[in-house]
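Here the structure comes first, spelled out in structure tokens, and everything after it is commentary.
The values are calculated or read from the model by the stated rules, or taken from the named source; none is laboratory data. Keep in mind that what you see is a predicted model, and the values were worked out from it rather than measured. Here the Cβ positions follow ideal geometry from the backbone for every residue, glycine too, while neighbour counts run over all protein chains shown.
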Amino acid sequence: MAGPGSPRPHARSPRRPVDPRTPPPARARSQTSAGLGPLAGLQDVPVRVTLEWGRSQLTVEEAAALGDGSLVRLAQQRGDLVDVLVNDRLYGRGRLVMVEETYGVQLVELVGER
């Protein structure tokens, strides 16, 4: 049995949010690029990540009536997964989470070929 001050055997280190504007340290990049195989030379090429939670269909009349404070209802419910698109292609689905004072997405499902 561990004494006071000893780390718990199954304790997880806290997760830190990833800021996409900050490149990872060189060591992390070299470890990541090793898993990219023939794409390793492209590791620093930016890609666009889009999170899509819902859509709605309106008539032209309804759209024209939108203004500040208007509410557009979506079919999605609380807890529904969001689509994660990379360069406009579906990459996976995830759950909205709070990361300190901002939102994040926890991936729960990867789809298709990557």
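Set side by side, the residues 105, 45 differ, and just one is among the β-branched types (Val, Ile, Thr) and outside any loop (DSSP other than H, G, I, E, B), which is 105.
Among residues belonging to region 43-79 that are of a type in the set (Asp, Glu) and out of contact with any strand residue (DSSP E or B) (no Cβ under 9 Å at 6 or more places or on another chain), point out the one that is farthest from residue 96 (Cα to Cα). So that I can check it myself, show each step before the final result.
Let us first name the residues in region 43-79 that are of a type in the set (Asp, Glu), namely 44, 52, 61-62, 68.
When the remaining residues are screened for being out of contact with any strand residue (DSSP E or B) (no Cβ under 9 Å at 6 or more places or on another chain), the result is 44, 61-62, 68.
On the way: 44: 26, 61: 32, 62: 29, 68: 25 Å.
The selected residue is 61.
Residues of region 55-80 that are in a helix (DSSP H, G or I), loosely packed, with under 10 Cβ neighbours inside 10 Å and either in contact (Cβ under 8 Å) with a residue 12 or more places away in the chain or not β-branched (Val, Ile, Thr) (or both): 61, 64. Would a scan of region 8-17 turn up a residue that is among the small types (Gly, Ala, Ser) and modelled with pLDDT under 80? Checked against the condition, which is being among the small types (Gly, Ala, Ser) and modelled with pLDDT under 80, region 8-17 yields at least one hit.
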